[in-house]
Amino acid sequence: MGLLALGLNALLVSRLLCDGDAKRWFLGDTATQVALADRVARYVLENEGPTYYETGILRFDGQSAVATDQMALLGLGQIVLAHPELRERYLPAMRRAADHLADPHQLRYAAHAYGQSGLQRMDPGEGHAYLGYLALGLGMMRRIEPETRHAALHDRLIEGLASRLYASSTGLVETYPDERWPPDVAAVAGAVGLHLTATGRPRPPALDAWAERFARCAVEPTTGWLRQHTPSCGQGDPRGSGTAVGAYFLSFSHPELARQLHQSLAEGQRGLLGFGGLREYPAGFDGAGDTNSGPVIFGISVGATGFGLGSARAHGDRSTFVRLYRTTRLFGVPMSRGGERTFVVGGALGNALLLAMLTAETR
Amino acid sequence: MILAKTALRAAVCLGLLLLQAGVGRWLAGLDVLDELVTGDRLGVGVALALLVPLRALTWFVAPAWLVSGTLCDLWELRARRSPQFQKSG
């Protein structure tokens with residue numbers, strides 16, 4: 001009797017406690033989105049300095065700040081696009097996040113790598129693909145506020161990044177000296193696509209030609225997953241977290257390639273009693289978790305599962321979205337407080353990431 | 001007797017639920033990552049370590065224990081009141 005009750009309970013609990021919320025997120029319910037968006041907006045507005053965390057590790061502090069501001073901009077912007085009446089509510093936080101991204105202090109880690117930040121200048125031969133994250137955030141800012149004071153910087157970044165994409169014979173661009181990360185390059189391509197949408201400029205044929213070269217070098221052919229780190233064309237292991245975030249970023253520029261990545265990733269999902277998760281390493285590959293994937297538990301990665309929500313929503317994959325959301329709700333521990341909602345274990349970074357993923361525009 | 005046992009089980013479940021909600025609400029007022037990096041590492045670490053098992057208990061174990069325990073009690077009572085039980089007793 002006890003075992004039967006435990007089994008029935010486990011089968012029912014995921015559906016009873018999670019599915020209503022999952023449905024509201026998937027369908028874009030305004031009240032559900034606003035409750036989390038208000039908390040994320042407050043995180044951004046309350047942060048005076050350019051960084052959110054002060055670990056003393058320059059690269060982590062800078063990258064986490066860029067990710068928080070970029071994802072806050074994407075999440076808030078996606079909500080405003082779906083509910084234009086909320087524009088004035090979120091513009092102050094979006095402007096503050098864009099100001100943070102345009103602040104060279106946030107990129108001290110990159111200046112350390114190249115000798116100067118790409119915000120100041122990108123010399124020939126330097127990749128600076130980390131700027132794709134900034135350019136995506138500024139692109140969403142510009143889509144919501146075309147007259148943003150960062151428009152000229154946005155144009156300059158995109159011009160420099162797009163020329164590097166188009167000139168690369170492998171489709172890859174260095175993030176830092178001798179470091180090539182395909183998910184970062186996907187962010188660069190997504191930023192170029194979002195810039196075209198925000199400015200209404202025509203799509204250059206070179207952007208589609210780039211996708212063919214990129215897929216040849218950065219997509220692992222047996223799994224269809226994106227390689228995480230590529231020393232050179234066709235090398236490097238595929239990873240779930242990079243594939244999921246890459247599928248989300250590429251949905252801004254190359255919806256077909258993004259869909260292929262999402263489908264390959266979703267085929268490898270694991271589930272137990274209705275709770276779903278995405279693996280960090282596909283069958284035949286093995287490794288540990290890192291700062292990109294977060295903890296990897298029984299092969300399931302926190303990063304891949306979180307980013308997978310965005311990829312699933314962007315591609316209208318409701319069943320994957322619901323299964324991943326059940327797991328996110330169980331371990332993310334959403335709590336309501338003063339009309340706001342926050343995923344307790346996420347902090348500013350995790351909540352901004354989840355806001356962007358849970359509100360990803362369906363293509 | 002059954003009522004008392006059910007009330008006890010319900011009180012334990014409610015206690016777990018309230019404890020989980022209390023820990024969650026306290027953490028919700030903080031930036032957990034920031035606290036783990038530069039703030040109250042021990043307090044937040046212990047709260048986080050408690051929160052997930054508490055949540056698993058309240059989601060997966062408590063409802064099943066409450067319902068199946070009560071059903072078992074009722075079953076036992078019914079068996080005790082049946083003529084066969086009386087005869088063998």
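No value in this document is a laboratory result; all are computed from the given coordinates. Predicted model only: the values in this text are computed from it and were never measured. Counting neighbours? That spans all protein chains shown, and the Cβs are built from the backbone with ideal geometry, glycine included.
Between residue A:45 and residue A:108, what FRET efficiency comes out of the Förster formula 1/(1 + (r/R0)^6) with R0 = 22 Å and r the beta carbon distance, rounded to 0.05? So, using R0 = 22 Å, E works out to roughly 0.45.
Less than 5 angstrom separates the built amide H of residue A:281 from those of A:240, all sequence-distant by 5 or more or on a different chain. With contributions of -39500 (n - 2.57) from each DSSP H run of at least four residues, the per-residue ellipticity at 222 nm computed over chain B stands at -28000 deg cm²/dmol.
Modelled spin-label separation between residue A:123 and residue A:203, with each label point placed 7 Å from Cα along the Cα-to-Cβ direction: 3.7 nm. Hey, for a label at residue A:15 modelled as a point 7 Å past Cα toward Cβ, could you say which residues of the stretch A:235-277 have their backbone N under 13 Å away? Under cut-off, by backbone N: A:273-275.
Compared with the direct C-alpha span, the chain from residue A:155 to residue A:89 gains 21.1 nm at full extension, assuming 0.36 nm per residue. One decimal place: the segment residue A:319-residue A:363 gains 14.2 nm when fully extended, by the rule 0.36 nm per residue minus the C-alpha distance. By the count of other C-beta atoms within 10 Å, a proxy for reagent exposure, A:357, A:122 are ordered fewest to most as A:122, A:357. When the Cα atoms of the stretch A:142-214 are aligned to their principal axes, the ranges along those axes come out at 36, 26, 17 Å in descending order. In order along the stretch A:263-278, the Karplus-derived 3J(HN,Hα) couplings, from 6.51 cos²θ - 1.76 cosθ + 1.60 at θ = phi - 60°, round to 5, 4, 5, 5, 5, x, 6, 10, x, 8, 6, x, 8, x, x, 9 Hz, and Gly and Pro are given as x.
Arranged from fewest to most other beta-carbon atoms within 10 Å of their beta carbon, B:26, B:75 become B:75, B:26.
Residues in the stretch A:55-65 carry Karplus couplings, in order, of 7, x, 8, 3, 5, 5, 4, x, 5, 5, 5 Hz; the curve used is 6.51 cos²θ - 1.76 cosθ + 1.60 with θ = phi - 60°, and Gly or Pro positions show x. Put in line by how crowded their Cβ is, counting other Cβ atoms within 10 Å and starting with the fewest, A:301, A:163, B:68 read A:163, B:68, A:301. The label-point distance for residue B:79 and residue A:285, in a model that sets each label 7 Å from Cα toward Cβ, rounds to 5.5 nm. For residue A:293, no residue whose modelled amide H falls within less than 5 Å of its own remains once neighbours fewer than 5 places apart on the same chain are excluded.
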